[in-house]
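Visitor: Here it is: the structure, laid out below.
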Amino acid sequence: MTTTARGRQKPPTAQGATVWLTGLPSAGKTTIARFLAGRLRAEGHRVEVLDGDEIRRFLSAGLGFSREDRNTNVQRIGLVAEVLARNGVLAVVPVIAPYADSREAVRKRHEASGTPYIEVHVATPVELCSERDVKGLYARQAAGRLTGLTGVDDPYEPPLDPALALDTRSQTPEESADSVHAVLAARGLV
Ligand SMILES: Nc1ncnc2c1ncn2[C@@H]1O[C@H](COP(=O)(O)OS(=O)(=O)O)[C@@H](OP(=O)(O)O)[C@H]1O
Ligand SMILES: Nc1ncnc2c1ncn2[C@@H]1O[C@H](COP(=O)(O)OP(=O)(O)O)[C@@H](O)[C@H]1O
């Protein structure tokens, strides 16, 4: 804490940022977000994880997986993340965000307020994602019980210029989270 001229205590200024983890289902977004958030909290940062599944239960309840609905979902999450980040929180966002133009709009929202925005591609190949198949979505798609699965029969447009692309084939979740942390550190955000 610093003390102002009038003797009042002034809280330390915290620099917020949004860290968006984009990638296919089962790529590792949620796992990396949890490890990263744990480390950042232990270091004393204010952190919020905006989990895609939870957001879809409340803020985006009723939205499906059409292009339009996915875009609406991503813009809502982008708005919340930017508000949090602008106010000193590290907002960690493990959300697929399959369309480049949706992600670009979120980036622009952050740029407009001068709020740091870090895009991380969790670049796990679809073959490994479908082996991991944490929620059984790939099996359901293969069995003909689900259509429109990102990366299989629905588009995923990989980021062309992410701040970081993670190869989770050769890393533990903790190592992946540490790589993201290193990007934040290099930018003076932690
Ligand atoms: N058709 C289809 N395609 C992709 N994902 C699907 C689908 N149906 C359900 N799910 C599950 O929805 C979870 C949240 O999706 P997101 O909000 O991150 O998606 S999006 O950004 O709006 O495209 C997403 O979570 P993750 O597995 O953590 O990525 C999926 O498990
Ligand atoms: N380097 C890594 N980073 C993240 N997850 C990994 C890694 N290596 C293996 N995994 C495993 O992959 C799975 C990813 O699941 P999850 O994080 O739920 O994916 P998503 O949120 O992208 O759908 C988990 O079982 C996790 O333990």
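The values are calculated or read from the model by the stated rules, or taken from the named source; none is laboratory data. All values reported here derive from a predicted model rather than from experimental measurement. All Cβ positions, glycine included, derive from the backbone under ideal geometry; neighbour counts span all protein chains shown.
Visitor: Quick one: would you say Y138 is among the aromatic types (F, W, Y) and closer than 25 Å to A17 by Cα?
Guide: no
Visitor: Another question about this same structure. Taking E104, is it surrounded by fewer than 19 Cβ atoms within 10 Å (Cβ to Cβ) and either part of a helix (DSSP H, G or I) or within 16 Å of ligand 2 (Cβ to nearest atom) (or both)?
Guide: Yes: the conditions hold for E104.
Visitor: I would also like to ask the following. What are the pairs, 6+ residues apart or on separate chains, where a residue within region 7-21 that is modelled with pLDDT under 90 and surrounded by 10 or more Cβ atoms within 10 Å (Cβ to Cβ) has its Cβ under 9 Å from a residue that is outside any loop (DSSP other than H, G, I, E, B) and of a type in the set (A, V, I, L, M, F, W, C)?
Guide: Short answer, once both residue conditions are applied: A14/L90.
Visitor: Another one. Which one is modelled with the highest pLDDT, of the residues in region 30-61 that are within 16 Å of G78 (Cα to Cα) and among the charged types (D, E, K, R)?
Guide: E48
Visitor: Okay, next question. So how many residues does region 39-54 have that are touching a helix residue (DSSP H, G or I) at 6+ places or on another chain (Cβ under 9 Å) and free of Cβ contacts under 8 Å to residues at least 24 places away in the same chain?
Guide: Looking only at that region, the number is 1.
Visitor: Can you list residue pairs whose Cβ atoms sit under 8 Å apart, with the first residue in region 147-164 being over 13 Å from W20 (Cβ atoms) and in contact (Cβ under 8 Å) with a residue 12 or more places away in the chain and the second being within 7 Å of ligand 1 (Cβ to nearest atom) and not in a loop (DSSP other than H, G, I, E, B)? Count only pairs 6 or more apart in sequence or on different chains.
Guide: From region 147-164, the pairs are G148/D154; L149/L137; Y156/T150.
Visitor: Determine which member of the set T147, T124 is over 22 Å from R34 (Cα atoms), part of a loop (DSSP other than H, G, I, E, B) and hydroxyl-bearing (S, T, Y). Break it down stepwise before answering.
Guide: Values: T124 fails: over 22 Å from R34 (Cα atoms).
It is T147.
Visitor: Same structure, new question: Condition (residue is closer than 30 Å to R46 by Cβ and in a helix (DSSP H, G or I)) applied to region 166-174: is it met by at least one residue?
Guide: yes
Visitor: Moving on to the next point. Residue under question is E43, and the condition is that it be acidic (D, E) and near ligand 1 (Cβ under 10 Å from one of its atoms); does it hold? Please lay out each step first, then the result.
Guide: Working: acidic (D, E): yes; near ligand 1 (Cβ under 10 Å from one of its atoms): no.
Spelling it out, it is not the case that E43 is acidic (D, E) and near ligand 1 (Cβ under 10 Å from one of its atoms).
Visitor: Now, a different point. Could you tell me how many of the residues in region 23-81 are under 12 Å from the mean Cα position of the chain (by Cα), more than 13 Å from ligand 2 (Cβ to nearest atom) and among the small types (G, A, S)?
Guide: Selection size over region 23-81: 2.
Visitor: OK, next. Return only the number of the condition from (1) surrounded by fewer than 17 Cβ atoms within 10 Å (Cβ to Cβ); (2) more than 12 Å from ligand 1 (Cβ to nearest atom) that P159 does not satisfy.
Guide: So P159 meets the others, but not (1).
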